[in-house]
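Here's the structure we're looking at; comments come further down.
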There are 2 protein chains.
Amino acid sequence: MTHHLRTVPTPAAVIDLERLKQNTRKMAARAHRLGVQLRPHVKTHKCVEAAQLQAEGHFGGLAVSTLAEADFFGQRGFDDITFAVPLAPGRAPLAAQVAARLRQLNLVVDHPTAVDAIGEEARRRGQTLSLLIKVDCGYHRAGLLPDDPNLVRLAQQIHSHTHLNLLGVLAHGGHSYECVGVQAIRVVAEQERNMAVNAAAHLRNANLPCPTVSVGSTPTMAVVEDLTGITEIRPGNYALFDHFQADIGSCTPEDIALSVISEVIGVYPERSTLLLDAGALALSKDPGATHVGKTPGFGRLCTLDGHPLEGLTLTDLSQEHGKVKGSDVSRFTIGDRLRILPHHSCLVTALHETLYVEQEGAIVDTWQPVRGWSIDDKAPKR
Amino acid sequence: MTHHLRTVPTPAAVIDLERLKQNTRKMAARAHRLGVQLRPHVKTHKCVEAAQLQAEGHFGGLAVSTLAEADFFGQRGFDDITFAVPLAPGRAPLAAQVAARLRQLNLVVDHPTAVDAIGEEARRRGQTLSLLIKVDCGYHRAGLLPDDPNLVRLAQQIHSHTHLNLLGVLAHGGHSYECVGVQAIRVVAEQERNMAVNAAAHLRNANLPCPTVSVGSTPTMAVVEDLTGITEIRPGNYALFDHFQADIGSCTPEDIALSVISEVIGVYPERSTLLLDAGALALSKDPGATHVGKTPGFGRLCTLDGHPLEGLTLTDLSQEHGKVKGSDVSRFTIGDRLRILPHHSCLVTALHETLYVEQEGAIVDTWQPVRGWSIDDKAPKR
């Protein structure tokens, strides 16, 4: 059955194909212009088709957020993959198993215990595993500061291990999400660049190899103008963007390529509320850029063709209900459909089994995101 | 491979089988004692095995939150199912399709437009569909107030339709979640009972049938002592409970049967933080009972054997990272495992492909929750 926005089963996560293509082309052009390789992160959609658009015209490497993604994309034509989360030592056997099925799997570490676990697993299997050292560039989520003497010690530990390969350093300027406006994001982008380059210099000064100097968050990579000393960037959210990104200034609302289509299931003028069939399992409970305060509630409510509905707020989400407060709700009736621009694309797509692909209001394709943290041993090798 | 809590792949959603059994038996005993049928809601886990424990010794009816659940459980031995969300008119064809595969599917409405859509679909297919009218008992999410003249009008519309069957009224005291303490919850429970019974009286006074008077939220049904006039209750979360329920007083922390096992992937004493491999896709971004303020952050951190770790807070979740702040983090090392009692079980289970079943630290089974909003046409009929 051919669907369009008025018939697609709700709640539906819908990707605007033209916007996705525009976003991926724009980031690819930026990377070319700034002289870095683009290693797109695919965690925002976890679909092969979107990853292919992101990698178009590039070397084909990806960044992923789970070993399940690493294996899934590895079995589908992408053979150089960075698992960009510090590896849990308990996952070292699975990482080695995934690595054996790929040309190149790159793992991230910031602690000698993790290096020991990975090195031991590699030795046991007779494999060589490749590691990047996580650098803290000010986000303070993971990683070592460039000037921390443990950085060079960790690099030496990796470099001297017969079954490990030291690839370089990796940083993520996630504190760009706390910014408001392009100028503030550019300050974080320069800090991200500068600290990654400093970390690489420390390694090279100690006669250690550092071929890769990798950075990237969507906000910083959407606005950065100088990437001197950087070899690759790893933005991901930019493929779809979301209202958080629009609120902090890394995109415009017109760039947002993901929306959730929802049907009105209740109209209550006496209490100025509507009820939608999109709840926490369709939208996630991400509250968005609360520090900016532009878009209260759980997403921006729009007409089906994308015009913002002023005066309406998606105030509450329960599991399968979305409660909207606002004036003049009697203009709606049961069965009307709304488009919701979500706060956080990465969390929304992960909740949906199927992503519907839209072109000018018609559903032209359906994509299936990979899910969870386990690998499918029965997946065909391509 | 046999797993235990030290080897199960993390992040893992783990159900404590003994606690689940204790919770389901306790609610069943309450229902018997209070003289009502128990129609357990299964949206909290969406697994056949847990539904069987909830239905044990009862008439076997279930409540569900999606038509996907209705069909899934309907194909697996449960043949009297209430889809307890007001039906989106666009979903009427799917509802009729699911109903045709069950002995009894009960739909919920509160608006004449929805009744029209469902009636039209039933007529077109030559089916009879059964409807419950949603009553607003003070939660103000959906439904008609008992004294609203539209209630009797809607009942008459249903009752006079040749292809519709009026089953009665249904209310949900969801505002019990805003309470603090048992006494406050009991006030909501009495309001829920009273308003549902009033609505039923209005129907009966108008010579309309009202065999079913259905109420239930987990907080109200966990503490209510009088259900005069009620025929069935529909709690769901009580099967697993969560820290929200413990914080408002509908259970104790020792009743919580769901936890997420996570591995430490970063230790940063210099900034008093740990990093876990459980992020927003393992725990959801539900902030919990913020009005109580007992459990800040995104869940209660415990040792593997369930002892609360005082002084540590799970302050930030990104997609696959959980950031913990606290003093004395250097007692942990990379690879240590923690147990997290989540704020909202219903959202956590829906994020996991597999739920691991635990008995005294051993993983004895794995259960698969049904997912999404579509039905699997190829599912075997049982």
**Message:** Given points 7 Å out from each Cα along the Cα-Cβ axis, report the residue B:180 to residue B:4 separation in nanometres with one decimal.
**Reply:** 4.1
**Asked** Summing -39500 (n - 2.57) over the DSSP H runs of n ≥ 4 in the protein assembly as shown and dividing by its residue number, what mean residue ellipticity at 222 nm do you reach, to the nearest 500 deg cm²/dmol?
**Response** -9000 deg cm²/dmol
**Convex hull per residue volume in Å³, alpha carbons only, for the stretch B:277-353** = 99
**Message:** Explain nothing, just compute: Karplus ³J(HN,Hα) = 6.51 cos²θ - 1.76 cosθ + 1.60, θ = phi - 60°, for every residue of the stretch B:159-172 in order, whole Hz, x for Gly and Pro.
**Reply:** 5, 7, 7, 5, 10, 10, 10, 7, 8, x, 10, 9, 10, 9
**Request:** List A:305, B:316, A:376 from most exposed to least, where exposure is judged by having the fewest other Cβ atoms within 10 Å.
**Result:** A:305, A:376, B:316
**Request:** Once the label point is placed 7 Å from Cα along Cβ, list for residue B:97 the distances to the corresponding points in the other copies, in nm, shortest first.
**Result:** 3.6
**Item:** Dipole in debye (nearest 20) - the protein assembly as shown, about Cα centre, beta carbon charges: Lys, Arg +1; Asp, Glu -1
**Value:** 940
**Prompt:** Remind me, what semi-axes does the stretch A:226-382 give for its equivalent ellipsoid, largest first in whole Å, using sqrt of 5 times each Cα gyration tensor eigenvalue?
**Reply:** 30, 21, 15
**Amide H contacts of residue B:266 (H built 1.01 Å from N, under 5 Å, at least 5 apart or other chain)** = B:275
**Message:** Quick check on the stretch A:27-164: take the gyration tensor over C-alpha atoms, sort the square-rooted eigenvalues as a ≥ b ≥ c, and tell me if it's rounded (a/c under 1.5), prolate or oblate.
**Reply:** oblate
**Residues A:192, A:320, A:353, sorted so that the one with the fewest Cβ neighbours within 10 Å comes first** = A:353, A:320, A:192
**Prompt:** For residue A:292 and residue A:325, what does the FRET efficiency come to when R0 = 25 Å and r is the distance between their Cβ atoms, rounded to the nearest 0.05?
**Reply:** 0.75
**Request:** List A:148, A:226 from most exposed to least, where exposure is judged by having the fewest other Cβ atoms within 10 Å.
**Result:** A:226, A:148
**Asked** Put a dot 7 Å past each Cα toward the Cβ at residue B:97 and residue A:156; how far apart are the dots in nm?
**Response** 6.6
**Message:** Just to check I understand the Karplus step: with θ = phi - 60° and J = 6.51 cos²θ - 1.76 cosθ + 1.60, what whole-Hz values come out for the stretch B:267-278, glycine and proline as x?
**Reply:** 10, 10, x, 5, 10, 6, 10, 10, 10, 10, 8, 10
**Request:** Find the all-direction average of the projected area of the Cα convex hull for the protein assembly as shown, expressing the result in square nanometres with one decimal place.
**Result:** 30.3
**Prompt:** Using the alpha-carbon centroid of each, what span in Å lies between the stretch B:305-329 and the stretch A:316-382?
**Reply:** 30
**Asked** Scattering from the C-alpha atoms of the stretch B:105-154 alone, worked out with Debye: what is log10 I(q)/I(0) at q = 0.20, 0.22, 0.28, 0.29 1/Å?
**Response** -0.69, -0.79, -1.07, -1.11
**Asked** Assuming R0 = 51 Å, what is the FRET efficiency of residue A:190 and residue B:376, from their Cβ-Cβ distance, to the nearest 0.05?
**Response** 0.50
**Complete:** Across all Cα atoms of chain B, Rg and the largest Cα-Cα distance (Dmax), in Å, are 21.9, 73
**Residue-by-residue Karplus 3J(HN,Hα) for the stretch A:204-209, coefficients 6.51, -1.76, 1.60, Hz, glycine and proline x** = 5, 5, 8, 6, 9, x
**Item:** Selection from B:298, B:205, B:374 lying farthest towards where the dipole of chain B points positive, charges on Cβ
**Value:** B:205
**Complete:** The answer for the net charge of residues other than residue B:321 whose Cβ lies under 9 angstrom from its Cβ, with Lys and Arg +1 and Asp and Glu -1, is -1
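Values in this text are rule-based calculations from the coordinates and carry no lab data. Fair warning: this is a prediction, and the values are worked out from it, not measured in the lab. All Cβ positions, glycine included, derive from the backbone under ideal geometry; neighbour counts span all protein chains shown.
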